[in-house]
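The values are calculated or read from the model by the stated rules, or taken from the named source; none is laboratory data. Quick caveat: nothing in here was measured; it's all calculated off a predicted structure. Note that we place each Cβ from the backbone using ideal geometry, even for glycine, and neighbour counts take in every protein chain shown. Surface accessibility is based on the protein's heavy atoms, side chains included, excluding ligands, DNA and RNA. Shrake-Rupley method; radii C 1.70, N 1.55, O 1.52, S 1.80 Å.
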Amino acid sequence: MRWRSFVAVGDSFTEGMDDAYPDGSYRGWADLVATRLAAEAGPDFGYANLAIRGRLFPNVVAEQVPSALAMKPDLITFAAGGNDVLRRTFDPDVFVPRFDRVVERLRGGGSDVVLFRFADVMARLPGQRLVAPRVTLLNRAVGEVAERHGAILVDLYSDEAYLNPMLWSTDRLHLSAAGHRRVAAQVLAALGVGCDEEWLMVPPHPAPTPWLAARAADLRWAGQHLAPWIRRRLTGRSSGDFVTAKRPVLGPVDG
């Protein structure tokens with residue numbers, strides 16, 4: 001096995017929301033990847049997951065990247081910027097060069113690095129006209145940076161399966177358990193490691209919802225998920241406040 005240590009860096013996508021273990025903690029694609037790599041590498045395999053929900057790119061770089069580099073892992077996954085494109089302060093002319101420099105640092109430490117083109121999450125969210133072009137720009141930049149620095153690219157954006165709402169949780173922003181399994185399978189495929197083919201299975205599309213029922217669902221979603229997000233933006237708070245990394249140091253993978 002090529003990799004004997006793996007560190008995951010990022011935000012809620014990498015933390016594993018909304019793929020819950022029975023105890024309510026989050027699993028997600030990174031835990032699934034680590035479990036599969038550990039099965040190949042043996043008991044000495046080490047895994048750390050530094051990702052914290054709500055983190056913006058500068059926070060990920062300042063808080064997680066130095067720790068990841070200090071561990072000197074064989075493999076790092078880096079997914080950041082998704083929260084930034086949702087902010088009106090997002091500046092691509094500042095973001096893209098910073099992203100490039102961070103990946104250069106990660107690769108310079110000797111690790112293999114996995115980057116992601118993000119899946120299209122905007123189809124069922126408000127603000128599509130504003131945010132979708134930013135996502136396109138971010139995904140294009142990620143591909144260019146991956147090629148420039150020899151990183152491994154996982155292209156979720158080109159996978160139309162993610163247009164299926166069953167791959168997303170009820171908040172319409174985070175992946176469901178099925179979505180996380182699919183990402184894990186695609187990461188492992190990019191690494192040349194096999195996995196359970198069921199991870200790639202996509203649930204059937206739900207039946208069309210009558211117009212009135214769909215609008216009622218939209219209103220419930222706005223009250224349960226959109227309104228709290230707006231309140232956090234207005235008060236300068238984050239869903240990740242008081243949350244710590246679930247696996248802050250390299251350690252064996254359970255199970």
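List of remarks:
- For M17, the accessible area of its heavy atoms, probed at 1.4 Å with every protein chain present, is near 30 square angstrom.
- Local net charge near H149, Cβ-Cβ under 9 Å (Lys/Arg +1, Asp/Glu -1): -1
- About its Cα centre, the dipole of the stretch 5-205 is roughly 660 debye, where the only charges are +1 on Lys and Arg Cβ and -1 on Asp and Glu Cβ.
- For the stretch 5-205, the percent of C-alpha pairs falling in each 10 Å distance bin, counted from 0 to the bin holding the largest distance, reads 9, 37, 39, 14, 1.
- Think of it as helices only: each DSSP H run of n ≥ 4 in the chain is worth -39500 (n - 2.57), and spread over all residues that comes to -13000 deg cm²/dmol at 222 nm.
- Full-extension gain in nm, E198 to V94, via 0.36 nm per residue minus C-alpha separation: 33.4 nm
- Dipole size of the stretch 166-255 about its Cα centre, with +1 on Lys/Arg Cβ and -1 on Asp/Glu Cβ: approximately 560 debye, rounded to the nearest 20.
- Shape metrics for the stretch 87-232, restricted to C-alpha atoms - Rg then Dmax, Å: 17.5, 55
- Expressed as a whole percent, the accessible area of the stretch 1-145 that falls on carbon and sulfur atoms is 50 (1.4 Å probe).
- Reciprocal mean inverse distance between Cα atoms of the stretch 154-255 - Kirkwood radius, Å: 16.8
- List T89, T14, ordered by accessible area with a 1.4 Å probe, largest first: T89, T14
- Beta bridges per DSSP, both residues in the chain: antiparallel share near 20 percent.
- Solvent-accessible surface ranking, highest first, for S25, S12, S158 at 1.4 angstrom: S158, S25, S12
- Accessible surface, 1.4 Å probe, highest first, among residues W229, W211, W168: W211, W229, W168
- Dipole of the stretch 15-80, positive direction: furthest Cα of A20, V60, L32, with charges on the beta-carbon: V60
- Under the simplified labelling scheme, the R87-T244 pair shows an inter-label distance of 2.5 nm, with each label point 7 Å from Cα along Cα→Cβ.
- Comparing Cα centroids, the stretch 63-135 and the stretch 138-214 end up 16 angstrom apart.
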